[in-house]
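S.K.: I have a structure I would like to understand better, so I am pasting it below and will then ask my questions one at a time.
The values are calculated or read from the model by the stated rules, or taken from the named source; none is laboratory data. Treat the numbers as computed from the prediction; the structure is a model and nothing was measured. In this analysis, Cβ positions are derived from the backbone assuming ideal geometry, glycine residues included, and neighbour counts consider all displayed protein chains. Ligands, DNA and RNA are stripped out before the accessible areas are found, and what is left, the full protein with its side chains, is counted by its heavy atoms. Shrake-Rupley method; radii C 1.70, N 1.55, O 1.52, S 1.80 Å.
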Amino acid sequence: MRGRAGLLLLGAMGLGLGVGCGPGDATMRDPAAALRVPSRATTEQENLEAFARLYGYVRWFHPTDAAARANWRVLAATGIASVREAEDLGELREALQEHFGPLAPRLELWLDGEPPPDDEPAPDPKRAVYWQHEGYVGTRLSLYSPPYGQVRVGKDGPYRRRFAQAPDPDTRVQTQLLPGLHLRLPTVLTAADAEHDGDVSTSWDDELAHAAVSAHGWKQLDVRQGAVVEVWNVLRHFYPYQDTVPIDFDALLVEALHDAQDDASVDDVAGTLWRLVHALQDGHGMVGHRELAARGQLPLRVELIEGEPVVTGTADPEHFAVGDVIESIDGVPLLPRVHALTERLSGSPQWRRFRAASWEALAGPRDAAVPITVRSGKRSHTETARYDAAAPPVPPRPPALHRFDDGTWYVDLTRAHWQDLEPALPELALAPGVVFDMRGYPTDTHRILAHLMAVEEDAQWMHVPRVLEPDGHVAGWGPIGWHIRPAEPQIPGKRAFLIDAEAISYAESVLGYVEAHDLGPLVGSPTAGANGDIVRVDTLGGFYVVFTGMKVTHHDGRRLHGDGIAPNIAVTPTRAGLRAGKDEVLQAGLAQVRDRRIARAPRPRADR
């Protein structure tokens, strides 16, 4: 591992030779004019590692106008190309200075044996310019605006800031980019220094610059490794779970840069980026490209049941029955493929198993037909299916809103919509028991919580990281909650909630209230353990990466990420039950609300 970069609060040191500029001076001193010292040889891998680290420091933490306006995707590819062939630390320093100097006039690089540059005086705190990041601002995905933002305090308008915390005026990155190559870069500037607006586009290779932003540009090594550099830096500086998920970012960078060298297809490049995402243990984590999006799903839902890939949902029951075992697809054994995909994906073990079996292993070229070997009972046979579905079919379940003969209700919060559910509230309020199905992703039905909770709540269980410094340091957290208020009619009957690994994100937001306020027993298996608004990072070569941008906990502060919400009553499907047409998890939930020994929820007082 390389030495970890650290932010140091340094006063004036009064040491030796200056390689940087004075405040407001946009002219970099030529590194060749520095005191000549012996310079050790470097490898190509070291050159790329040094570039990658400096890239992130300048892009997100050095608040000049030039850095804020630069085309950083192009700079990732052209920078990789500029340092690749450096033969020693001296050449590497010159290449880095040439690439980043126009963006960062206060950048200082020196070698072992050279005196450190003179330290510049710190700016006046009242006039200081610095970055504030509240989470990471990625590509906007919908009309909904997540609570992420960034601002250059002191530059992006008077009095604009995201939060109260501010860095010490002396804050800077001071570290070794490589053994023997030292860096000093202030993260707080004077207004004059921040106005620097250098231009690096005149030195670009136009063909490489075009490839960096092209969906086919991944065919060039500089573009592939540039994507690694950009994505690695975003995760290194902004992933919010670095205090709970052990990640060796230095080793991860080395591995991903190396993996990118021989990637020969979109799938290969995606696999390299998946290496970065896998390390996050983030169920939201994914890698995409438009060529990957042009795929379809088989008309099946498969889950690992008793260690085998079993059909749990089908859109073609004539050829694939619930309870059948899928042995192979297009001649490839399915179980080993599911295991391999599970190892590649990110998130909790239960989420990765579900996602691998139900989604990833069943995806292929849209509309293409493939032979599938199916085992029904003891006999195997071959059927043909097409990759023509958009998503796995839902398992056999009652209608989304269903009243049983004994007055008990079933409500599937993943299929019903509020416009359907709201008119049924008076009947639900009179029901002796209601089973709420949360095995999947809810629609807009979270509003049911107000009719289940008898007291007001103001828990803050979402936490947005507030970042002033690089390398995963968090200055504070912005707390968020839903602030639910009780609504009439209340539903006081016995209640149970069905859960499994498909319950992810928004589903876990709803279930967090069920757990915290004891709204009814949770029946089934652990949820996915990935919640919070996602971030999409569009990167070089047409790829994008998604990850969780905030920290979410249980309402009492316990870790949720990677663990999920555990059931009170553990129930999993069996092959025998599936073949017999039974929903064993639903049966267990119904048993809970039909058991007269279990008390009804207390009816709220009228004054609440």
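S.K.: Report the equivalent ellipsoid semi-axes for the stretch 132-242 in whole Å, largest first, defined as the square roots of five times the eigenvalues of the gyration tensor built from alpha carbon atoms.
M.R.: 28, 22, 17
S.K.: Could you run the Karplus curve 6.51 cos²θ - 1.76 cosθ + 1.60 with θ = phi - 60° over the stretch 79-85 and give me ³J(HN,Hα) per residue in whole Hz, x for Gly and Pro?
M.R.: After applying 6.51 cos²θ - 1.76 cosθ + 1.60, I find x, 4, 5, 6, 9, 4, 8 Hz.
S.K.: Given the alpha-carbon gyration tensor of the stretch 245-396, what are the semi-axes of its equivalent ellipsoid in whole angstrom, ordered largest first, with each equal to the square root of 5 times an eigenvalue?
M.R.: 30, 17, 13
S.K.: May I pose another question? Under the Karplus relation 6.51 cos²θ - 1.76 cosθ + 1.60, θ = phi - 60°, what is the ordered set of whole-Hz ³J(HN,Hα) values for the stretch 230-247, x standing for Gly and Pro?
M.R.: 5, 5, 4, 5, 4, 5, 4, 8, 10, 5, x, 10, 6, 8, 10, 10, x, 10
S.K.: For helix 584-594, what angle does its Cα long axis make with the longest principal axis of the chain, in degrees from 0 to 90 and rounded to 10?
M.R.: Helix 584-594 sits roughly 70 degrees off the main axis of the chain.
S.K.: Short version: what are the Cα gyration tensor semi-axes of the stretch 176-324, square root of 5 times each eigenvalue, largest first, in whole Å?
M.R.: Numbers: eigenvalues 340, 92, 46 Å².
For the stretch 176-324, the ellipsoid semi-axes come out as 41, 21, 15 Å.
S.K.: Please determine, in degrees from 0 to 90 and to the nearest 10, the orientation of helix 506-516 with respect to the longest principal axis defined by the Cα atoms of the chain, where the helix direction is its Cα long axis.
M.R.: The two axes meet at around 70 degrees.
S.K.: If all Cα-Cα distances of the stretch 184-261 are sorted into 5 Å bins from 0 onward, what percent lands in each bin, rounded to whole numbers?
M.R.: Spelled out bin by bin, the stretch 184-261 gives 3, 11, 15, 15, 16, 17, 14, 7, 1 percent.
S.K.: From Cα coordinates alone, what are the radius of gyration and Dmax values for the stretch 417-464 in angstrom?
M.R.: 13.0, 41
S.K.: Considering only DSSP beta bridges whose two residues both sit in the chain, what percent are antiparallel, to the nearest 5?
M.R.: 85
S.K.: For the stretch 78-196, what number results from the quotient of the Cα radius of gyration and 2.2 N^0.38 Å?
M.R.: 1.28
S.K.: Additional query: Can you work out ³J(HN,Hα) from phi for every residue in the stretch 494-502, in order, using Karplus 6.51 cos²θ - 1.76 cosθ + 1.60 and θ = phi - 60°, giving whole Hz and x for Gly and Pro?
M.R.: Once rounded to whole Hz, the list reads 5, 9, 9, 10, 8, 9, 7, 5, 6.
S.K.: Any idea what the alpha-carbon Rg over 2.2 N^0.38 Å comes to for the stretch 400-489?
M.R.: Working it through for the stretch 400-489, the quotient is 1.49.
S.K.: Normalising by the residue count of the chain, find the relative contact order in percent from Cα pairs under 8 Å and 6+ residues apart.
M.R.: 14
S.K.: Separate question: Give me the Kirkwood hydrodynamic radius of the stretch 373-432 in Å, from all C-alpha pairs, to one decimal place?
M.R.: 15.0 Å is the Kirkwood radius here.
S.K.: For the stretch 91-198, which trypsin sites (Lys or Arg not before Pro) pass both filters: DSSP loop (anything but H, G, I, E, B) and at most 11 other C-beta atoms within 10 Å?
M.R.: Taking the stretch 91-198 and a limit of 11 other Cβ atoms within 10 Å, the loop trypsin sites (Lys or Arg not before Pro) found are R140.
S.K.: Moving to a separate point now. Just to make sure I understand: if all protein chains stay in place, what is the order of Y544, Y130 by accessible area at 1.4 Å, largest first?
M.R.: Values: Y544 45, Y130 15 Å².
Final ranking, largest accessible area leading: Y544, Y130.
S.K.: How large is the convex hull of the C-alpha atoms of the chain per residue, in Å³?
M.R.: Residue-normalised Cα hull volume stands at 163 Å³.
S.K.: Can you tell me which lysines have their Cα less than 20 Å from the Cα of K155? Leave out same-chain residues fewer than eight positions away.
M.R.: K126
S.K.: Could you grab the relative contact order for the stretch 454-608? Cα pairs under 8 Å, six or more apart, rounded to a whole percent.
M.R.: Computed value for the stretch 454-608: 26 percent relative contact order.
S.K.: What angle, in degrees between 0 and 90 and rounded to the nearest 10, separates the Cα long axis of helix 266-278 from the longest principal axis of the Cα atoms of the chain?
M.R.: Roughly 90 degrees, rounded to the nearest 10.
S.K.: Additional query: Largest first and to the nearest Å, give the Cα extent of the stretch 116-184 along each principal axis.
M.R.: 50, 32, 16
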